[in-house]
Every structure is written in structure tokens, then in C-alpha cells.
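The values are calculated or read from the model by the stated rules, or taken from the named source; none is laboratory data. Since the model is a prediction, treat every value here as computed from it, not as a measurement. For neighbour counting, all protein chains shown are included, and Cβ atoms are generated from backbone atoms with ideal geometry for every residue, glycine included. We work out accessible area using only protein heavy atoms, side chains counted, and drop any ligands, DNA or RNA first. Shrake-Rupley method; radii C 1.70, N 1.55, O 1.52, S 1.80 Å.
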Amino acid sequence: MIPTERMAAVDANADALGVPRKQLMESSGNAVAREVRAVADPGAAVALLCGRGNNGGDAFVAARFLSAYDVTVHLLGRPESIRTDIARENWEALGAAEVPTEVVADSADLALGDPDVVVDAMLGTGVTGALREPERTAARLANESDATVVAVDVPSGIDADTGEPTGDGGDSDGRDDAGLRVEADRIVTFHDEKPGLGALDAAVTVADIGIPAAAERYTGPGDLLALGRDPDSHKGENGEVLVVGGGPYTGAPSLAARAALRAGADLVRVACPETVAREVQGYSADLIVRGLPGDRLGPAHVDRVAALADGNDVVVLGPGLGRGDGASEFVREFLAAYDGRAVVDADALRVVPEVDTDATLICTPHQGELVGMGGETASDPDERAALVRAFAADLGHTLLVKGAVDVVSDGDAVRLNRTGNPGMTVGGTGDVLAGAVGALAAVLDPFRAAAIGAYVNGRAGDAAAAAFGNGLAATDLPDRLPEAMRDE
């Protein structure tokens, strides 16, 4: 099954892979027409109730494939309000092909007659709230008819993820039917079944419309649809990140922190030894640096770092921390007491398998670090994906294993990422990745944060490679993250 939000991403990824939405609409409309032909003989009357989005566009296409039937296309709204170019093109094709159409500008003008089949293509997935006019009247007429009702993707008025009505309570006109929905006999959905459809009393057909498996398996621009920012949000509501590291190295925590800022976090703090705090601060005036006593982090710092972590959404743990015994014990004690969300990178990774923690972790090892944690790897990406998935399930945490093809898994889902280039073998690019994932993990679930982080970090690296070739440096990446995070 595939939730509606993920389905939108897969559609966009398919487009990026060279399978345009117009082609998918043609396949979807053909599938709807096949369903109509399965329930009615040629010559039967078919009324298509069409919205102004791509759901209606699917029905416009279906009408062209039903030339042997007595078809009428009812557009609920004015043609100039059709919302997408491909739906508009298919509407115009109906006129050129002389397919009977009716424009319903006022619900009082809608009449279905006595059709044998009603096609519900009004709203589709992703719509919230009670049905409004003219869809409400159209739904009532469809339900009151004796026709077989075929819904396109999901019955209008139903949440495709839950199977529940999208509206509740009473209507503004006093009618107690805000839960009104189309009572479909059959549903044609596309690519994969939506989670809520099984709860409905309707036969469900899943139509293969030609979306390549790679659109789901690999990250792509569609994944960026998960990103967004409330225009009314305030400082801190888009994530506060604490980077913990430094001592032997100053560049690593600075790169991670700058990347977290560029990936959208509102506030980024760095907890590092006081001996390097001034150098870390020097990388950016935007960072809030907290110097801790000494030149290395150790067990004596656990309480202070834990207190700092409580004020942040995500901790990025490990950049520049070093391999000393004191550092390992610090990571062990911190994670044992921490119950928030953390991205674990670099030298902190080897401690993870031996710690019992209530924290939600995203671990970002390269393949050598993965083996050091007790995992296995392979040269074949599919075999490596299976191994990473099994190890993530064993750990109980999300893994983002870096490589020519990155592998992301939470022990259940698996996503591969192909962005990036050989120039990114330079030191520091992993710190940028950890910081970007930290910012994303403040606003998204761990799996999506890791998958999108891998994708945008690789795109930022590709932009840097376009400018510098294999001579790129990790410092070239953070400022390219905002552009990398824009939907194509």
C-alpha cells in the first residue's frame, strides 16, 4: 500500500525519470475506461462527474476511450478554472473530438438523467473537509441513482489514507450531511492501493499505469514535496539543532552546524570544548557556541550537554569528536540517558550497538564505519540494501549508509539515493550530510529526514562539482543546500 503523500512524491519522481504526468494520465484514463467496459455493455449511458484537477483529467481521457458508449462529461466548474495544464489539454481534446460535455457552473443546473454508469472523478486523493457545491449535489445525485458508480482513485468525500469521510458535523445550510461522500460500487486506483480503500464496501482495482519501480526505490525531486514552511511560523518552530563534537577537529562540527542552518533549522547551537569554541564560532556568526571545560569531551560533560539537548529538537552527535576513550564513554553515557532524537555520525557511531537507549537515532556511517558497528556490506546495491535493512531492524534505528549509492532504511522501508559524485570523497562532506539530516529530522520523521538529507546533500555536491570538478571542498556544499532543496 502507498499513502497519498508518498504517491504524490512517486508521481513527481516518475516525471523526473522521463515518464511525464501527461503519459500517466493517459494510462490512468484508459484504466478507468476498462473498468466502465467491465460493468456495462457498449451503448450504455455513462455520466462522468469531473473536477477541475488531475482526477477530472483522468476522466476526460477515459471519455475518449469510451466512444462505443453514450457518454456525457459533466465539468463541475468553468473550463477556465481547470487547475493543471494536462487536465486542460485533455478537456480541450474532448471538444475537438466532439465528445458531449456539459459545464456545471451552478449545482442547480446539474442533471444526470438515467445513466447506467456514473464515474466519480470529482476530487481524488489529498482533499480535506466536507464536500462543497457543486460536488455535494453531484455526490447526492450519484448516490440516489440506480447506476453502477465507479470512483477514480478514491470516492469523493473519503480520506484515501483512513477510509473515513473527509467532513464532519453539520453543513452551513443546516443539512446534517457534512460526512456526505460518494458511495462507490467500484474503485479504480493507480500504481498501488491506498490504505483506506480496504475499509470501504467497494471492489478495488489497482491499475498499473507505467510508473517505474525506480520512482519508489530511489530518492528524487518528489521527495522534496515533504518540505514546506508555515508562513505564520515563528522562530524556533522550524527546528532547533544542537551539534555536539569537536576537540581534535574544529572543521567537522562547524560544517555540520552550517549545513543544519542552510537546510532550514531556525537555530543551531554547537557544544564543543572551550579550547576550540572561538575557532568554531569564527566559521559563522549565525552559530550559538557553548564552550565546555577542557580540550576533549568526556563523561564529565554529560550532564551539561544533556541540559543543552533538552532545549533542542535534534542533537547531531559525533562530528570532530575523536576516538579517545573519554569521548566514547561520553557518547555511551549521553545516549543511555537521552530519549530525544539524534543524528549519530563519525566516531560516535561505534558506540551505538552496545548502548541501550530510548533515543530515536539516525546513524550515518560510510561502509567502513558500518562494518565497524557490526553490520555487513556488499558491492551490489540491491544486496547492500537488504543487508542495511536487516541491520537497521536489528539495531532498532534508522541507517543512512553512505556510498556511491546511499542506502537508507529504518528496518522496514528502504530507499536508495544516486545523487552525488566521486569528488565527494573529500573529507567533511559527511559532516555536511549529518547537519542537513539533523535539520530535516527536526521537522520530519527519521526515515524521510535521512532519505531527503542524502538526496539534497548529493545535489549540493553535484552543484559544487559543476563548479570545481573533483576539486570541490566540503565547505562548498552548505551554501548550495537551499537550492538543492527546491522542488524541480
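Quick test of your reading of the structure: SER254 fulfils all but one of (1) more than 30 Å from ALA385 (Cα to Cα); (2) open to solvent by 10 Å² or more (accessible area, probe 1.4 Å). Name the failing condition by number.
Condition not satisfied by SER254: (2).
I'm checking my understanding of the structure. Among residues of region 63-82 that are open to solvent by 40 Å² or more (accessible area, probe 1.4 Å) and assigned to a loop (DSSP other than H, G, I, E, B), which one is farthest from VAL104 (Cα to Cα)?
Going through the qualifying residues, I end up with ALA68.
Taking only region 1-53 into account, find how many residues are closer than 29 Å to THR72 by Cα and assigned to a loop (DSSP other than H, G, I, E, B).
Residues meeting the conditions: 9.
Out of ALA96, ALA16, ALA105, ALA12, which single residue is farther than 22 Å from THR205 by Cβ, of a type in the set (A, V, I, L, M, F, W, C), in contact (Cβ under 8 Å) with a residue 40 or more places away in the chain and open to solvent by 50 Å² or more (accessible area, probe 1.4 Å)? If you could, list the steps in order and put the result at the bottom.
Details: ALA96 fails: in contact (Cβ under 8 Å) with a residue 40 or more places away in the chain; ALA105 fails: in contact (Cβ under 8 Å) with a residue 40 or more places away in the chain; ALA12 fails: open to solvent by 50 Å² or more (accessible area, probe 1.4 Å).
After applying the criteria, what remains is ALA16.
Within region 258-287, track down each residue that is of a type in the set (Lys, Arg) and under 32 Å from the mean Cα position of the chain (by Cα). It would help to see each step written out before you state the result.
First pass over region 258-287, keeping only residues of a type in the set (Lys, Arg): 258, 262, 269, 278.
Matches in region 258-287: ARG258, ARG262, ARG269.
For the subset of region 413-425 comprising residues that are surrounded by fewer than 18 Cβ atoms within 10 Å (Cβ to Cβ) and over 16 Å from the mean Cα position of the chain (by Cα), which member is farthest from THR219 (Cα to Cα)? Walk me through it before giving the result.
As a first pass, look at region 413-425 and keep what is surrounded by fewer than 18 Cβ atoms within 10 Å (Cβ to Cβ): 413, 418, 421-422, 425.
Imposing the further condition that a residue be over 16 Å from the mean Cα position of the chain (by Cα) reduces the set to 418, 421-422, 425.
Details: ARG418: 8, ASN421: 15, PRO422: 19, THR425: 20 Å.
Going through the qualifying residues, I end up with THR425.
So is ALA160 surrounded by fewer than 17 Cβ atoms within 10 Å (Cβ to Cβ), among the small types (Gly, Ala, Ser) and in a loop (DSSP other than H, G, I, E, B) or not? Break it down stepwise before answering.
Values: surrounded by fewer than 17 Cβ atoms within 10 Å (Cβ to Cβ): no; among the small types (Gly, Ala, Ser): yes; in a loop (DSSP other than H, G, I, E, B): yes.
Considered against the rule, which asks whether it is surrounded by fewer than 17 Cβ atoms within 10 Å (Cβ to Cβ), among the small types (Gly, Ala, Ser) and in a loop (DSSP other than H, G, I, E, B), ALA160 comes out as no.
Of the residues that sit in region 361-407 and are surrounded by 18 or more Cβ atoms within 10 Å (Cβ to Cβ) and among the hydroxyl-bearing types (Ser, Thr, Tyr), which one is nearest to THR425 (Cα to Cα)?
THR364
Residue check: is ASP41 without any contact (Cβ under 8 Å) to a residue 24 or more places away in the chain, open to solvent by 10 Å² or more (accessible area, probe 1.4 Å) and under 22 Å from PRO115 (Cα atoms)?
Numbers: without any contact (Cβ under 8 Å) to a residue 24 or more places away in the chain: yes; open to solvent by 10 Å² or more (accessible area, probe 1.4 Å): yes; under 22 Å from PRO115 (Cα atoms): yes.
Criteria met by ASP41.
Regarding region 339-350, can at least one residue be identified that is basic (Lys, Arg) and assigned to a helix (DSSP H, G or I)?
In the first step, residues of region 339-350 are kept if they are basic (Lys, Arg); the result is 341, 350.
Retained after the next criterion (residues that are assigned to a helix (DSSP H, G or I)): 350.
Within region 339-350, one or more residues are basic (Lys, Arg) and assigned to a helix (DSSP H, G or I).
Could you please give the count of residues in region 265-275 that are surrounded by fewer than 21 Cβ atoms within 10 Å (Cβ to Cβ) and in a loop (DSSP other than H, G, I, E, B)?
Number of matching residues: 1.
Which of the residues spanning region 313-333 are part of a helix (DSSP H, G or I) and touching a residue at least 40 places away in the same chain (Cβ under 8 Å)? Quick ask: steps written out before the conclusion?
Pass one, region 313-333, residues part of a helix (DSSP H, G or I): 325-333.
Residue satisfying the conditions is ALA327 alone.
Select from region 175-206 the residues that are more than 28 Å from the chain's Cα centre (by Cα) and among the basic types (Lys, Arg) and write down the one among them that is surrounded by the most Cβ atoms within 10 Å (Cβ to Cβ).
Here the answer is ARG186.
Identify, from the list THR125, THR72, the residue that is hydroxyl-bearing (Ser, Thr, Tyr), under 25 Å from SER27 (Cβ atoms) and touching a Lys or Arg at 6+ places or on another chain (Cβ under 8 Å). I'd like the intermediate steps shown before the answer.
On the way: THR72 fails: touching a Lys or Arg at 6+ places or on another chain (Cβ under 8 Å).
After ruling out the rest, the residue left standing is THR125.
Inside region 207-251, can you point out the residues that are part of a loop (DSSP other than H, G, I, E, B), open to solvent by 70 Å² or more (accessible area, probe 1.4 Å) and farther than 17 Å from VAL344 by Cα?
First, the residues of region 207-251 that are part of a loop (DSSP other than H, G, I, E, B): 208-213, 219-220, 227-239, 245-250.
With open to solvent by 70 Å² or more (accessible area, probe 1.4 Å) added as a condition, the list becomes 208, 213, 228-232, 234-235, 237, 249.
If the condition is that a residue be part of a loop (DSSP other than H, G, I, E, B), open to solvent by 70 Å² or more (accessible area, probe 1.4 Å) and farther than 17 Å from VAL344 by Cα, then ASP208, ALA213, GLY228, ARG229, ASP230, PRO231, ASP232, HIS234, LYS235, GLU237 are the ones that fit.
In the set GLY29, GLY129, which member is within 37 Å of the chain's Cα centre (by Cα), of a type in the set (Gly, Ala, Ser), closer than 30 Å to ALA9 by Cα and modelled with pLDDT of 95 or more? I'd like the intermediate steps shown before the answer.
Working: GLY129 fails: modelled with pLDDT of 95 or more.
On inspection, the qualifying residue turns out to be GLY29.
Restricting to region 443-488, what's the tally of residues that are farther than 15 Å from ASN421 by Cα, open to solvent by 30 Å² or more (accessible area, probe 1.4 Å) and in a loop (DSSP other than H, G, I, E, B)?
The number of residues fulfilling the criteria is 6.
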